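Taking it in order: structure first as structure tokens, then the write-up.
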Amino acid sequence: MLHTKIIDIEKDKIKTSIAEAFIKSSSYGASIIFNGTVRNINENKEVVGITYDSHDELVLKSFDEIYKETTEKLKIMEKAVFIEHIKGYVGLGETSIIIAVACKHRDEAYVLSRYIIEEIKKRSPIWKKEHYKNEQSEWLKGNPIQHEKI
Amino acid sequence: MKIKLELFGASRDFSNKEFLEFNIKQKMEIKDFRKEVINYLDKNFKGNENFIKIVKNSVFCSEDNNIINDDFKIIKDQKIGIIPPIGGG
């Protein structure tokens, strides 16, 4: 059971309530909702917001592949997974990503949630442009994509 | 052949538009197309080292949304996406 979406912040909103409803619709007992938000300091610079860019099709494809891997590699067969990531500008403290998972047992839920966010960081084509209090902004350097995994 | 290079992330600074257009005279592999892009940036941004570094560290993506290798052959007009180093989530 998988739900994925890129939320264009100019047209739509990212809401934890939608993730909660999705998870509740599954019959599993252990659930975790991870919320990624814009933090105030990065590398000693005062951040006021981040513009996220994404290659939507590749990002959704990577989400699907990560989900499949949780079956094949982690052997977590029964699960519900909800992944939404925003695109566009978000201010300090606002949500950029929601990953909600539900499994039969808590051990699996923690492993599943952690695996998904770490893999997204490594291989989903999403970019951040940080905006600072001094009105400057810059694209974060990031890491070259790991080709063989896409 | 006309190649429309779609820009993402840091490569968006290469243009005010969402893409760059290249006219290439002959079939070429991605590794040669990468050199074309570097030459374009070298010429238009006075050898901006940061821009060139971005291209060197990027991969490319085909119209059907697959990451393509350096030996992928460009044989017709097409859109190609440039995928700079990533850092989202």
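Derivation of every value follows stated rules applied to the coordinates shown; laboratory data play no part. The model shown is predicted, which means the values in this text are computed figures rather than measured ones. Reconstructed Cβ throughout: ideal geometry from the backbone, glycine too, with neighbour counts over all protein chains shown.
Things worth noting here:
- Spatial offset of region B:20-89 relative to region A:12-38 amounts to 38 Å, using the alpha carbon center of each.
- In nm, spacing of pseudo-spin labels at residue B:50 and residue A:77 (7 Å Cα→C-beta vector): 5.2
- Residue of A:47, A:101, A:81 that the Gaussian network model of chain A assigns the largest fluctuation, springs spanning Cα pairs under 10 Å: A:47
- Relative contact order of chain A, defined on C-alpha pairs under 8 angstrom at six or more residues apart (%): 35
- Less than 5 angstrom separates the built amide H of residue A:96 from those of A:36, A:37, A:38, all sequence-distant by 5 or more or on a different chain.
- Working ranking of peptides A:51-62, A:131-142 by packing, defined as the average number of other Cβ atoms within 10 Å per residue, highest first, is A:51-62, A:131-142.
- Amide H contacts for residue B:59 (H built 1.01 Å from N in the peptide plane; partners 5 or more residues away or on another chain; cut-off under 5 Å): A:145, B:83.
- Label-point gap, in nm, between residue A:118 and residue B:29 - each point 7 angstrom along Cα→Cβ: 3.5
- Once the Kirkwood radius over Cα pairs is known for region A:43-110, the Stokes-Einstein relation at 25 °C and 0.890 mPa s delivers a diffusion coefficient of 173 µm²/s.
- Here the convex hull built on the C-alpha positions of chain A has a volume of 109 cubic angstrom per residue.
- Inter-chain neighbour count for A:136-145: the average number of beta-carbon atoms from partner chains within 10 Å of each residue's beta-carbon is 6.
- For chain B, the ratio of Cα radius of gyration to the globular rule of thumb 2.2 N^0.38 Å stands at 1.01.
- Highest-fluctuation residue, A:21, A:102, A:80 considered, GNM on chain A with Cα pairs under 10 Å: A:21
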